[in-house]
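Right, one structure below, let's go through it.
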Amino acid sequence: MFLRLFFGLREAGVPASLLELLTLIEAMAQRVPAFSVDDAYHLARATLVKDERHLDRFDRVFAQVYQGLGEAAGETPEEILADIPEAWLRKLAEKHLSEEEKARIEALGGWEELMETLKKRLAEQQGRHQGGNKWIGTAGTSPFGAYGYNPEGIRIGQHESRHRRAVKVWDKREFKNLDDTVELGTRNVKVALRRLRRFARTGAATELDLDGTIRATAHNGGLLDLKMVPERHNAVKVLLFLDVGGSMDDHIRTCEELFSAVRGEFKHLEYYYFHNCLYEFVWRDNKRRHTERIPTHEVLRTYPADYKLIFVGDASMSPYEIVYPGGAVEHWNREPGEAWLRRALDTWPRAVWLNPVPERYWGYTPSIGMIGKITEGRMFPLTLSGLDQAMRALL
Amino acid sequence: MSATEARFSGTATYIATEDLKVAVNAAVTLSRPLLVKGEPGTGKTVLAREVADSLGLDLISWHIKSTTKAQHGLYEYDAVSRLRDSQLGEPGVKEIGNYIRPGRLWDAFTHVSGSGKAGCVLLIDEIDKADIEFPNDLLLELDRMEFHVHETGQTVRAETRPVVIITSNNEKELPDAFLRRCFFHYIRFPDVETMRAIIEVHHPGVKDDLLAEALGLFYGLREVPGLKKRPSTSELLDWIRLLMADQVPPSALKASREEGRLPPLSGALLKNEQDLQQLDRLARR
Ligand SMILES: Nc1ncnc2c1ncn2[C@@H]1O[C@H](COP(=O)(O)OP(=O)(O)O)[C@@H](O)[C@H]1O
Ligand SMILES: [Mg+2]
């Protein structure tokens, strides 16, 4: 809970520091908040926020974290917290902590030591709370039941399902809800569709389809929707790689829906899913992502070079996930993500990356810059103008 | 060790919101300073007094001015007195310790409260008045609760860490390193219900209808555009005391509101001549 809150605050631009997080844990261990969730909320606020301008942001992040715990159906808070994969936490820290804080961790004896300390404090906490303590006793209703922490909970590489579930829960909460900052939404979806359609028809000579236009315009609520029919068959073939399983899912879905809406206009449109970065396998049905994997090599062999490659993802991850073998969050990858990205770009030279993260935030996440480089600057924001630019880059 | 196991839960004379209680208790339990911000008159300064009372500790106050230096809180070496004494041939002049004047921090580190309890509450009031380096200059001493007196070679150490409460009116940004070591509480301007409770602890006999009219006028006044100094809790408390002493009837407040006149005794609410004129102008329209 508090780790998530902590990283959530950092993500939202509230400069909470590691020192403050440790203070918070210490205060929890000393039972400053007496039993109520409200008290714990007040404590976290007094510890992590030092500027009244950030209080509202704190409230939003807290609400999100709190609500998130409730949503995790069938998983008690204890289970969620007990499943924090250390490696993943470390990667998060890599991404969010300042140089000074990293140095501090080193001074404390490194991550292992820090995790040990955390474990110890939490274990003490649990010891103190044995016997009818509300926070632990009512797991599932009290989010602070999370503090009935399993001291052995910080483990790497649990058996698959638990590990995966933990990652997913964390993934869901790593980013604040960016709904209001992302421009591509239901309101302008029509405009976006038209542009995609135009793109789909490029290369094909067209003529006005009068009947079709009348029908479409009526259907559109009077908004003129010109229908063109291709003289020859439409030439554009698209390979869509969608990053799923993260907090950007909603935006990525929007994008996916956009493309499927104009599916008929493309000569071919193929989807594949990946998580965070491209690795040795992808999947086609997100519900069966762990059972029906398709080797990326096979995909590389299947589609010829005239396919246009479109990645959609937030490109936000630890640099490890791009450059190191074994850096992936969900499995052990023998080759770094970068190698797979380059292979794909070599195979389909007409390529772009669409990113739902608002462009003004790109500079804060090193991995976005890294992928921007790998794609040779062909990363575009998932906005109307970004879509336009991307389509132009694909021609 | 922290000064006390007791918990702060407000007092008979101070209305503490839940979040404030938690912040105070965190600071007391972990022996870290509590930084309190908020509009003037929201009870920052009196908080320290109330915390001290409720914990049974004495209060040591250090009011900061623009010329205050961190060193002043530790000790000052009174070279002038020593020079004078040496010219007069005073016997104690050889002993440099006679010319070391302990500051408020020193007092606080070594204080034993009248109740016999070790420790005290140290208030560092309006820290933002001093120059920007001031908070950082105190970091080490507040962290370790000890410092060294070079002149005498002595170390002053707090056996019991005092509860430190620091207030700021937001005149200056405070340094990050300093902020990270504090708990923080922002006192929001009290809502009507809290304000009613505050007034009742100060003026127990106040009549409901008078209070209702007064609060209505007060919150309305705070919304008047262009005021140099919006009236705050302390002005409201003064005003109500005067209204009660003068036995101003609630109907008089009501009438002034309806007829667009300045309320009775409004000088207690608006201390600034310009603000009074501004309000008068608006009232006449
Ligand atoms: N929560 C409260 N409970 C009781 N009295 C209060 C409260 N808040 C403010 N006051 C009263 O308001 C006046 C101003 O408080 P003070 O501490 O001087 O404000 P500040 O230091 O924030 O400017 C004092 O008379 C104080 O007793
Ligand atoms: Mg004051």
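The values are calculated or read from the model by the stated rules, or taken from the named source; none is laboratory data. Note that the coordinates shown come from a computational prediction; the quantities given were computed from them, not determined experimentally. Reconstructed Cβ throughout: ideal geometry from the backbone, glycine too, with neighbour counts over all protein chains shown. Remember, those area values only see protein heavy atoms, side chains included, never the ligands or the DNA or RNA. Shrake-Rupley method; radii C 1.70, N 1.55, O 1.52, S 1.80 Å.
Assorted remarks:
- GNM top mover of B:ASP275, B:ASP53, B:ASP85 - chain B, alpha-carbon springs below 10 Å: B:ASP85
- Pairs beyond 26 Å (Cα-Cα), from A:LYS50/B:LYS271; B:LYS44/B:LYS271; B:LYS65/B:LYS94: A:LYS50/B:LYS271; B:LYS65/B:LYS94
- Cβ neighbours within 10 Å from other chains - mean over A:8-17: 1
- In segment B:38-145, the GluC sites (Glu not before Pro) that fall in loop regions by DSSP, at most 14 other Cβ within 10 Å: B:GLU95, B:GLU133
- GNM remark for chain B: springs join alpha carbons under 10 Å apart, and the peak mean-square fluctuation among B:GLY216, B:GLY43, B:GLY226 falls on B:GLY226.
- Sulfur and carbon atoms: percent of accessible area, segment B:2-187 [1.4 Å]: 49 percent
- Relative to the longest principal axis of the Cα atoms of chain B, the long axis of helix B:273-284 lies at roughly 20 degrees.
- Dipole magnitude of segment B:136-202, debye to nearest 20 (Cβ charges: Lys/Arg +1, Asp/Glu -1, about Cα centre): 160 debye
- Between segment A:243-266 and segment A:321-350, the C-alpha centres lie 22 angstrom from each other.
- Interchain or long-range residues, amide H under 5 Å from A:ALA328's placed H: A:ASN333
- Test item: B:175-185 mean partner chain Cβ contacts at 10 Å: 5
- The portion of the accessible surface of segment A:261-395 made up by carbon and sulfur, rounded to a whole percent, is 52 (1.4 Å probe; DNA, RNA and ligands excluded).
- Separation of alpha-carbon centers, segment B:78-136 and segment B:172-212, rounded to whole Å: 32 Å
- Under-5 Å amide H pairs with B:THR11, H placed in peptide plane, nonlocal only: B:ALA16
- Accessible area buried at the A-B interface, both sides summed, 1.4 Å probe (Å², nearest 100): 1900 Å²
- The packing ranking of peptides B:259-271, A:42-54, A:269-281, highest mean first, is A:42-54, A:269-281, B:259-271, where packing means the average number of other beta carbon atoms within 10 angstrom of each residue.
- Taking the 1.4 Å solvent-accessible surface of segment B:192-284 as the whole, the part contributed by carbon and sulfur is 52%.
- Taking every DSSP bridge with both residues inside segment B:2-187, close to 30 percent are antiparallel.
- Ordering A:SER318, A:THR291, A:PRO336 by the projection of their Cα atoms onto the charge dipole of segment A:285-341, which places +1 on the Cβ of Lys and Arg and -1 on the Cβ of Asp and Glu, puts A:THR291 at the extreme positive end.
- Peptide A:40-48 - average C-beta neighbours from other chains (10 Å radius): 6
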